[in-house]
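Please read the structure below before turning to the comments.
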Amino acid sequence: MKKLTLAFSSLCLITTTLNAQKNLIGFTSSEKQLKTEQIFDAQLSAKRVGENIKLLSSVPHHVGSVGGKMVASEIAKVFTDAGWDTKIETYQLMFPTPITRTLEMTGATNYKAKLKETPLKEDATSNQADQLPTYNCWSADGDATANLVYVNYGLPEDYETLAKYGIDVKGKIVIAKYGRSWRGIKPKVAQEHGAIGCLIYSDPIDDGYSAGDAYPVGPFKNDQTVQRGSIMDMVIYPGDPTTPNGASVDGAERVDHNAAANLLKIPVLPISYGDAAPLLKDMEGPVAPKNWTGALPFTYHIGPSKSLVHLKLAFDWKIRPGLNVIATIKGSEFPDQWIIRGNHHDGWVNGAADPISGMASELEEAIAIGALLKQGWKPKRTLIYCAWDAEEPGLMGSTEWVEHHAAELQANAVAYINSDGNGRGFLGAQGSHAFMPLITEISKSVTDPETGVSVFERAKAAKAAGASGAMAKKEAYDATQYPLGAMGSGSDYSSFIQHLGVPSLNIGFGGEDEGGEYHSIYDSYDMYKRFKDPTFIYGVTLAQTTGRAVLRLSEADVLPFDFSHLHKTVKGYISELIKNVDQMRETTRIENDLVKNKVYVYAADPTDQLKTQEGTVEVPYIDFSPLLNALNHFEKAVTHLELAKKTTDTKKQTEMNIKLYTAEQQLLTDAGLPRRPWYKHSLYAPGFYTGYGVKTVPGVREAIEQKNWTEATEQIGSVAKAIDKLSLYLETL
Ligand SMILES: [Zn+2]
């Protein structure tokens, strides 16, 4: 009897613990929420995801096009039919399209580039009339004739190699491979080195026949596929380049595009490997280093070319309407607290994967939420679902909207949840690190449709299997939290988090959907159905994941921010920076010794006549103590907050929630980042020389990378101040 009682009571204990564990983060009781999510899930339809991808990618739909208007109104119709209060907010956006595109080579080689992708009978939309030609948006107008130089991926380190060979690109046109950086970095670095034109081509080694079968047999680039894309220097500021200080509303004050700080001065054109091959084959000069060689069937030379290249480009520089679809459901308890969800709707051409696959998931969520409404459910907080226009040319639709509504957003926006393209594979998520436990919890509750395990397990397995070395594999496998990435740029979250400090997430699936269709006419429904997500089931998986994020943020009693994970992450960044500087110091010392002792001279082939390497300035010791002290303070503030969060007093919870969602704004600095004040977040920014790629603690990290020690010390002070500001803010709770 006694024994039995004991067994019974310990069973009770287990049940209670389980229940306590089961409660979702931020919920006093999660039963109702789980029921809501069950109903939500039951509404989602892979079939409808496929139908919407087909409909919304049926015509080219770039900014200002007939198709773009159709897509915006179809999206608005879905929201309206689902019961959302829907409007279209229009901005007047500069969007240049080409008038003239000429690329030819004359001399030893005579070749006129086709600059045209081939329509295919296997791809039903590949022959449509309204397609934008192949071009890089925001190239300058220009007419350049010069010899060509091959610059590998066109990154700063490639120019260091060129310098060793004694090759200068001043007054030349350069040709760079796509890949290894955001495309806009290549012409930027070329221009900095004095080049007068830039070609960017897709080498088959990266996403052509060397990677897999070419389209239409397989998903990779055929010899005429071209990656379009923006080369706006978004790392200075994104959005309409002619309205740097405000929204592109009717009558907005504009700067001349020729004077815009984020536009380049040289003509830039993307080409296929079919068009690049004759130009590259014409090169003389040294044989390219082994790691510069691509997969074309001849020896790669650095150049210059024997023949002259003529590149002539002219654009229309027109203002066109950007149509943002904004759909709202007012919150029943906290209408002034907004959960914002967005995906862009404009594509370079048909854009089935980018962006429509993500858009179709967002529409599924909207339809499912509509069904909940019809059953009498109401969100506690206001839901705002957005379909952005003009993302492709430079995040214009979202950036102008954010600039337009900045004050309201800083007062009311709880979070912004973004998606873009989607496909088969693994969960990829980046965002504010206070959301780490939230995204972990969600990822453990969503099932991967291919394997039946959670999307958390699958992402973890991929990371562990792909890690190099047994220790790294074990670390990835033992992880209890989803490894949320930091945000760089390349989609519409940028202005929310990096300009306004609105806590953000970016979510998508992929990794088993490789191909070379990105920004080409082949990013089509036919391609998507064959190679990206044939059953459209990952469209449902994305909607489940992003939908849970929206619904949990909307319904939580205490908003699910956990700053202990932000603390841990930032601590990791800082120790990494300290380690980097120590390593740089050691490396510089050793390298300088080798240079002094002529090691590189004796190791080189004298007939190559490489330039002798020079020593570099030694790395000083710099003082990280302001950051370490700020981290200490932050840790104490987090402990204080965790205690405060235990309150069950609803009035206190309400006050606390406002502080919780505005906390990330404390990390903004008034001055912004050096030379790019639009970027105000002290922890996350796209890299000045990586573009999409993130730089964490960017002010400090980039100063160190550029060996600007005075600036590094200044930035350490500025970031420490921002972290202290956040700590003081949290301590008032
Ligand atoms: Zn996109």
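Here are the numbers for the structure shown:
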{"read-out": "Selection status of Val601, part of a helix (DSSP H, G or I), β-branched (Val, Ile, Thr) and touching a Phe, Trp or Tyr at 6+ places or on another chain (Cβ under 6 Å)", "value": "no"}
{"read-out": "Residue list for region 290-315, filter: under 18 Å from Glu104 (Cα atoms) and in a loop (DSSP other than H, G, I, E, B)", "value": "Gly303, Pro304, Lys306, Ser307"}
{"read-out": "One residue from Pro304, Pro289 being open to solvent by 40 Å² or more (accessible area, probe 1.4 Å) and not hydrophobic (A, V, I, L, M, F, W, C)", "value": "Pro304"}
{"read-out": "Strands (runs of 3 or more DSSP E) contained entirely in region 148-228, each with at least 3 residues that are touching a Pro at 6+ places or on another chain (Cβ under 6 Å)", "value": "197-201"}
{"read-out": "Only listed residue being touching a Gly at 6+ places or on another chain (Cβ under 7 Å), open to solvent by less than 60 Å² (accessible area, probe 1.4 Å) and among the charged types (D, E, K, R), chosen from Lys170, Lys177", "value": "Lys177"}
{"read-out": "Any hit, region 461-484, residues being of a type outside the set (S, T, N, Q), within 16 Å of the ligand (Cβ to nearest atom) and under 30 Å from Ile185 (Cα atoms)", "value": "no"}
{"read-out": "Strands (runs of 3 or more DSSP E) lying entirely in region 372-458 (those with 2 or more residues that are in contact (Cβ under 8 Å) with a residue 24 or more places away in the chain and open to solvent by 40 Å² or more (accessible area, probe 1.4 Å))", "value": "425-431"}
{"read-out": "Some residue of region 238-251 being free of Cβ contacts under 8 Å to residues at least 24 places away in the same chain, within 29 Å of Gly394 (Cα to Cα) and open to solvent by 30 Å² or more (accessible area, probe 1.4 Å)", "value": "yes"}
{"read-out": "Test result for Arg254, modelled with pLDDT of 95 or more and open to solvent by 30 Å² or more (accessible area, probe 1.4 Å)", "value": "yes"}
{"read-out": "Selection count, region 338-370, where residues are open to solvent by 10 Å² or more (accessible area, probe 1.4 Å) and more than 16 Å from the ligand (Cβ to nearest atom)", "value": "2"}
{"read-out": "Residue pairs meeting the criteria (Cβ under 6 Å; at least 6 apart or on separate chains; first free of Cβ contacts under 8 Å to residues at least 60 places away in the same chain, in region 27-48; second open to solvent by less than 60 Å² (accessible area, probe 1.4 Å))", "value": "Ser30/Asn23; Ser30/Leu24"}
{"read-out": "Counted residues, region 612-649 - those being surrounded by fewer than 11 Cβ atoms within 10 Å (Cβ to Cβ) and under 13 Å from Asp557 (Cβ atoms)", "value": "3"}
{"read-out": "Verdict on Met487 being within 16 Å of the ligand (Cβ to nearest atom), modelled with pLDDT of 95 or more and over 28 Å from Trp678 (Cα atoms)", "value": "no"}
{"read-out": "Of all residues in region 134-148 being surrounded by fewer than 24 Cβ atoms within 10 Å (Cβ to Cβ) and of a type in the set (A, V, I, L, M, F, W, C), the one that is nearest to Ile521 (Cα to Cα)", "value": "Cys137"}
{"read-out": "Some residue of region 323-344 being farther than 27 Å from Ala556 by Cβ, touching a residue at least 40 places away in the same chain (Cβ under 8 Å) and in contact with a Leu (Cβ under 8 Å, 6 or more places away or on another chain)", "value": "no"}
{"read-out": "Residues within region 490-518 that are of a type outside the set (A, V, I, L, M, F, W, C), open to solvent by less than 10 Å² (accessible area, probe 1.4 Å) and either more than 24 Å from Pro270 (Cβ to Cβ) or within 13 Å of the ligand (Cβ to nearest atom) (or both), tallied", "value": "8"}
{"read-out": "Residue selected from region 89-128 under the condition more than 24 Å from Ala144 (Cβ to Cβ) and free of Cβ contacts under 8 Å to residues at least 24 places away in the same chain, by the criterion surrounded by the fewest Cβ atoms within 10 Å (Cβ to Cβ)", "value": "Lys121"}
{"read-out": "Residue list for region 326-370, restricted to those being more than 21 Å from the chain's Cα centre (by Cα) and part of a strand (DSSP E or B)", "value": "Ile326, Ala327, Thr328, Ile329, Phe334, Pro335, Asp336, Gln337, Trp338"}
{"read-out": "Residue count for region 423-449, restricted to those that are within 16 Å of the ligand (Cβ to nearest atom) and farther than 24 Å from Lys695 by Cα", "value": "1"}
{"read-out": "Residue check for Glu711: free of Cβ contacts under 8 Å to residues at least 60 places away in the same chain, within 22 Å of Arg183 (Cβ to Cβ) and open to solvent by 20 Å² or more (accessible area, probe 1.4 Å)", "value": "no"}
{"read-out": "Matching residues, region 126-147, being of a type in the set (Val, Ile, Thr) and touching a Pro at 6+ places or on another chain (Cβ under 8 Å)", "value": "Thr134"}
{"read-out": "When residues of region 199-213 are limited to those that are in contact with a helix residue (DSSP H, G or I) (Cβ under 8 Å, 6 or more places away or on another chain) and farther than 26 Å from Ala144 by Cα, the one most open to solvent (accessible area, probe 1.4 Å)", "value": "Ser210"}
{"read-out": "Enumeration of residues in region 459-478 that are open to solvent by less than 70 Å² (accessible area, probe 1.4 Å) and not in a helix (DSSP H, G or I)", "value": "Ala467, Gly469"}
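The values are calculated or read from the model by the stated rules, or taken from the named source; none is laboratory data. Being a predicted model, the structure only gives us computed values, none of them experimental. Cβ: placed from backbone, ideal geometry, glycine included. Neighbour counts: every protein chain shown. Accessible surface is based on the protein model in full, side chains and every heavy atom, while ligands, DNA and RNA are left aside. Shrake-Rupley method; radii C 1.70, N 1.55, O 1.52, S 1.80 Å.
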